[in-house]
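Okay, structure first, notes after.
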Amino acid sequence: MINFFAILLIIFIGILLLVFKKRSSKKLINKKNFHSIKLNKKNKFSSNKNSYFYNHQEKNYSVFYKNSQRNKMFILFKGNTENKLKALKIAEELADKSTLPILRKGLRDTSPKVVEISALLIRNF
């Protein structure tokens with residue numbers, strides 16, 4: 001009876017190992033394909049520090065950093081035009097859907113520069 005349960009346990013562990021190994025290999029294949037994409041130098045979305053466009057490279061930031069930058073962005077957007085432009089720079093850096101509320105507010109702003117940049121950034125969603 002004990003031998004039967006031992007054999008079942010070994011088979012179960014073997015199946016689990018095969019399943020998890022298959023998942024990790026799929027993730028590796030996807031990562032290799034993701035990094036093989038090359039951008040065109042003439043592309044207007046190329047990385048430039050003064051650019052107000054999203055970069056096509058995925059940035060991995062910690063949750064704490066994202067939350068602190070998001071809070072800073074909301075506070076800055078309540079200020080003058082210069083602060084709103086700084087908030088839009090942060091939105092460009094984060095490049096995720098949590099920046100959509102700020103970008104929507106930017107579309108309704110009175111400053112044409114803020115509206116233009118918000119429109120360029122929201123276009124990617």
* Asked: Which number in (1) of a type outside the set (S, T, N, Q); (2) at positive phi; (3) in contact with a Ser or Thr (Cβ under 8 Å, 6 or more places away or on another chain) marks the one condition that A95 misses?
  -> (3)
* Scan the range 99-125 and report the pairs whose first residue is without any contact (Cβ under 8 Å) to a residue 24 or more places away in the chain and assigned by TED's automatic domain parsing to the domain that holds F77 and whose second residue is acidic (D, E) and surrounded by 12 or more Cβ atoms within 10 Å (Cβ to Cβ), with Cβ atoms within less than 9 Å and a gap of 6+ or a chain change. => V115/D109
* Please find, within the range 77-125, the residue that is farthest from Y65 (Cα to Cα) out of those that are in contact with a helix residue (DSSP H, G or I) (Cβ under 8 Å, 6 or more places away or on another chain) and among the acidic types (D, E). => D109
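The values are calculated or read from the model by the stated rules, or taken from the named source; none is laboratory data. Since we're looking at a predicted model, the values are computed, not measured. Heads up, the Cβs are rebuilt from the backbone with ideal geometry, glycines too, and the neighbour counts pull from every protein chain shown.
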